[in-house]
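Remarks on the structure that follows.
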Amino acid sequence: MNYWEQIKQQLAGELSVEAFQNWVSKTSLEHMEGDTLRVKVPNEFSKDWMEVEYRDKVRDAIQSLGLPV
């Protein structure tokens with residue numbers, strides 16, 4: 001399982017089912033280089049929403065999982 005899938009799994013346990021389905025489930029790992037993950041999202045609106053609403057939760061999941069990104 002790639003790092004983004006691990007993060008998504010962590011978020012699934014923290015977000016409402018609706019929030020996860022609407023915003024996170026449709027994302028995928030596009031590219032990983034060094035300590036940077038590039039996540040593919042369905043559209044620009046989703047990108048903006050994820051950055052504003054879920055940035056801290058993603059960072060927390062990375063730390064909780066001990067991922068080197």
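The values are calculated or read from the model by the stated rules, or taken from the named source; none is laboratory data. All figures in this text were calculated on a predicted structure; none of them were measured in a lab. Backbone-built Cβ (ideal geometry, glycine too); neighbour counts: all protein chains shown. Accessible surface areas use protein heavy atoms only, side chains included; no ligands, DNA or RNA. Shrake-Rupley method; radii C 1.70, N 1.55, O 1.52, S 1.80 Å.
Within the stretch 30-43, the set of residues being modelled with pLDDT of 95 or more and open to solvent by less than 50 Å² (accessible area, probe 1.4 Å) comprises V39, V41.
So, in the stretch 27-43, exactly how many residues are part of a strand (DSSP E or B), β-branched (V, I, T) and in contact with a helix residue (DSSP H, G or I) (Cβ under 7 Å, 6 or more places away or on another chain)? Show your work before the answer.
Start the filter on the stretch 27-43 by keeping residues that are part of a strand (DSSP E or B), which leaves 28-33, 36-40.
Keeping just the survivors that are β-branched (V, I, T) gives 36, 39.
Imposing the further condition that a residue be in contact with a helix residue (DSSP H, G or I) (Cβ under 7 Å, 6 or more places away or on another chain) reduces the set to 39.
Residues that pass the stated criteria total 1.
Do we have any residue at all in the stretch 44-62 that's surrounded by 10 or more Cβ atoms within 10 Å (Cβ to Cβ) and assigned to a strand (DSSP E or B)?
To start, the set of residues in the stretch 44-62 that are surrounded by 10 or more Cβ atoms within 10 Å (Cβ to Cβ) comprises 46-51, 53-55, 57-62.
Remaining after also requiring assigned to a strand (DSSP E or B): none.
Among the residues of the stretch 44-62, not one is surrounded by 10 or more Cβ atoms within 10 Å (Cβ to Cβ) and assigned to a strand (DSSP E or B), which makes the answer no.
Quick check on the stretch 6-26. Is at least one of its residues assigned to a strand (DSSP E or B), open to solvent by 100 Å² or more (accessible area, probe 1.4 Å) and not basic (K, R)? No, the conditions are met nowhere in the stretch 6-26.
Scanning the stretch 15-51 for residues being of a type in the set (S, T, Y) and within 10 Å of the chain's Cα centre (by Cα) gives a total of 3.
Cβ-Cβ contacts under 9 Å between residues 6 or more apart (or on different chains), taken from a first residue in the stretch 27-38 that is in contact (Cβ under 8 Å) with a residue 60 or more places away in the chain to a second residue that is of a type in the set (K, R), are absent.
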